[in-house]
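Report on one structure; see the data block that follows.
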Amino acid sequence: MARDVVAKKAYQKAYQKARLEGESGDAIRADRRAKYVNTPHKIKLRNANYIKRKYGDIGISIETYDSAFEIQHGLCAICGGAPDMKYGRLAIDHDHKDNRFRALLCRSCNSMLGFSKDSIEILTKAIEYLKLHSS
């Protein structure tokens, strides 16, 4: 928390100095935003940290993720869609009963399985419903 306050004060001081020197506020803010741009290196680093933090305790490593990503050609195992660009990664699908890794999925397919509670019966009924009501 204290680090955020110090960083904010330093930014405000630099902003005021730049404004006095005639720089536009948009240019100053653009420089500040540039450090948050999603470069491939930043995406990979953020993915590695996320995977280690969220899945490290159940034995899923960045190597497991990278291997599956390569095997799946960077696409969802269900729909074949690309990773969500907001996060730059596919979701790690695993069995919640025994924590066994299954595959990488896009956010939509991972949510679909989660909302259906991984139930084949529910998903089969959903397919039947869509067949019945499709035009």
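None of the figures in this text is laboratory data; all of them are computed from the coordinates on show. Every value quoted in this text rests on a predicted model; they were computed, and no experiment measured them. Here the Cβ is made from the backbone with ideal geometry for all residues, glycine too, and neighbour counts use every protein chain on show.
General remarks:
- Among residues that are surrounded by fewer than 11 Cβ atoms within 10 Å (Cβ to Cβ) and free of Cβ contacts under 8 Å to residues at least 12 places away in the same chain, Ser135 is included.
- Look at (1) surrounded by fewer than 15 Cβ atoms within 10 Å (Cβ to Cβ); (2) without any contact (Cβ under 8 Å) to a residue 24 or more places away in the chain; (3) under 27 Å from the mean Cα position of the chain (by Cα) and you find that Ser108 fails only one, number (2).
- With respect to the stated conditions, Tyr129 fails to be touching a residue at least 24 places away in the same chain (Cβ under 8 Å) and either assigned to a helix (DSSP H, G or I) or out of contact with any strand residue (DSSP E or B) (no Cβ under 7 Å at 6 or more places or on another chain) (or both).
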